[in-house]
Amino acid sequence: MRDLPRDPPAAGLPPVMGHADPGRVPVVASLLVLALVALAVGADAFRIGFFADDFHFLDIARRLPLARTLGGQYGLWPWYRPLSRELYFAAVASAGPTALRFAHALSLVCLFRVGLLLARIGTRLVGRPAAWAGVVIFLSYGFTKFLAAWASGFQDLAAIVLIAYALDAYQCGRTGQALAWTALAPFAKETGFLVFPLLLLAGYTTDAGALAVHLLVRSGWHTGGAIIRDALTTQRLPATLLQILTEFVSRHPAPGPGSVALAVSAGVCAFALFAYAARRPQPDAHELAAPPPGGVAFVAGAAALGLLPLGVAPLLGLTLTQAYYAYPAVPWLALGLGVLVTRLPAPLWRTGLAALVAWNVLGTGVHAVDLDRPQAWRFHRWSWDEAVRLSAVTGRLTSDLRATLAHRPDSLVVLYEGVPRGCFFQTEDGPASREALADPGVRAYWVNRPPRDVDADRLAIVGFDAGRFHLVRERWSSLTAVRRAMEAAIAGRGRAANALALYTEAPDSAGFDRGYLRAAAALLDDGPEGFLEGLADLGLDDTLGWKPGALAAPIAVVDAPLGAALAEALRQPLTASAHAALADSLLARGVVPRLAQVMAALGGEEEAADELAALGKERHAGPVAAEARRVLKALRRAREGTPR
């Protein structure tokens, strides 16, 4: 391998040769860094469970072979991160019952390597005292603990460790290794592309190749999931920048015997690390007389580059602004702070930073979350506190679901209602439910967005009791099920109407009403042919025969005109005027004719529009016709793909 020139490049990355390396980390210092990672981050991180995006990636890893997922089709659009998603979660899922602990262990090992590499790189850039001060500040940073505790946060840590490996190799003159790490970094997270300007021309070819692969994969990509946006709100840039800075100092101490012991131990460990780093270097190590002139400038430039993701992705409409997106800037901001604080007298900055570490560990303990308060079920913003909240919320929902559906049929479909969106528990077709129940055959959806293939014997509607803050299985009467199905049909949600009409604990007397609503649902989704098939399932395959009269007979015994109107609507199922006449009869008797309104609106499809307009003008069924026109208009919009 060719030697790099000994003159430092303009970027402030002085190459180092052989063993005259000022960035070499002694074994004792490495052990102290490992202890600091364990005390400041690991002890609490292991108490956090899977939440949010974790369930999507775990579900894919458990159900599909790795070779099939590496293309990114089952990821979350628009990101392609095979190293930190598909490969990482495949390894985690393979750990079986120890998957959560294994995920945390991988993240902490990655964080440990970032700490050592940051010390090596920082020593060459800004000198040893500032470098170790920066490492300690970085490891006690709020988002560092958040990302190490969240399994999906491995993406950020992996991108940073690969960038650090590339920079370290480049500094040491190992150009080939630097280019290899550069090529890998963007496949951990797109922020890995930031290594390109950091290495300048040294990484140009490989980063261009990585970009080409990203573009090629996306050109034919149909992902299995999407970013959860319902409960997220974008942050304003000033507020985001303020949060990035305030994460360096904890604001919410959570004292307790365990937290205090951890905090004191972490502070002592940090002070010991400073003391050891202040010792004279080994005889075979080269100590910089002063940091290179371009070192501080490089750190400032790297921090500025790390802030770019705050604006680029939201500007392109790919995601919402969240403070932790600027995490690539944090190692460099920490080094910059290290440069500033080490200008103070040594005893002062060493003691001060050790106290800061203790305070941050105390402030980011795993505190108890009161899940019996409404505030605990609302999303605030991504942070360590949010990880603690979501872990607790997910734990309760998992426990509730296991108890509620302890006895269930195979291939169960769960429909959720009222679960707060800020829980991030229900997404897509229910990966969190499958993980909670350890049942790959379970599917879960929101109650208004069920699948087409719903079976009454394999259906459970699970609601959220807003008074007790627990999941409960809904037990509906026939009247409730029919009413809810009617409302879904009027809203133009055919699949929901079908599923709700099916929901019953046992056979009941509302079989005709349920079947009629399922026919209306089929009309919404499949058109007139589906409606006729639904009527055939009711026994009305011949609407001109005796069946309509027989079905209306029980009503005709009590009210002959109403029975006649119902029979006529059954004989002419695709004629809007017949349903409008039934609606008139119901209105005259003080009955809100929801079902008749639905069929009046849907029965005649497009050609019924003029007839409905005439009904509204010429007859006393004005409210019915107006409602019918509204539903028909909503149906047309839905079929044309326009938003409601």
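The values are calculated or read from the model by the stated rules, or taken from the named source; none is laboratory data. Source: prediction; values computed, not measured. Virtual Cβ from ideal backbone geometry, glycine too; neighbours counted across all protein chains shown. Note: areas computed on protein heavy atoms with side chains; ligands, DNA, RNA excluded. Shrake-Rupley method; radii C 1.70, N 1.55, O 1.52, S 1.80 Å.
Let me check something: with ligands and nucleic acids excluded, how do Leu245, Leu64, Leu524 order by accessible area (1.4 Å probe), largest to smallest?
Leu245, Leu64, Leu524
Going highest first, how would you order 362-368, 560-566 by mean Cβ packing within 10 Å?
My ranking of the peptides, most packed first, is 362-368, 560-566.
How much accessible surface does Glu190 have with a 1.4 Å probe, in Å² rounded to 10?
40
Scan around His470 for amide H atoms under 5 Å from its own, H built in the peptide plane at 1.01 Å from N, and keep only partners 5 or more places away or cross-chain.
Those lying under 5 Å, H to H, from His470 are Asp465.
Could you rank the peptides 105-116, 396-407, 476-487, 52-63 by their average count of other C-beta atoms within 10 Å per residue, with the highest value first?
Highest mean packing first, the order is 52-63, 105-116, 476-487, 396-407.
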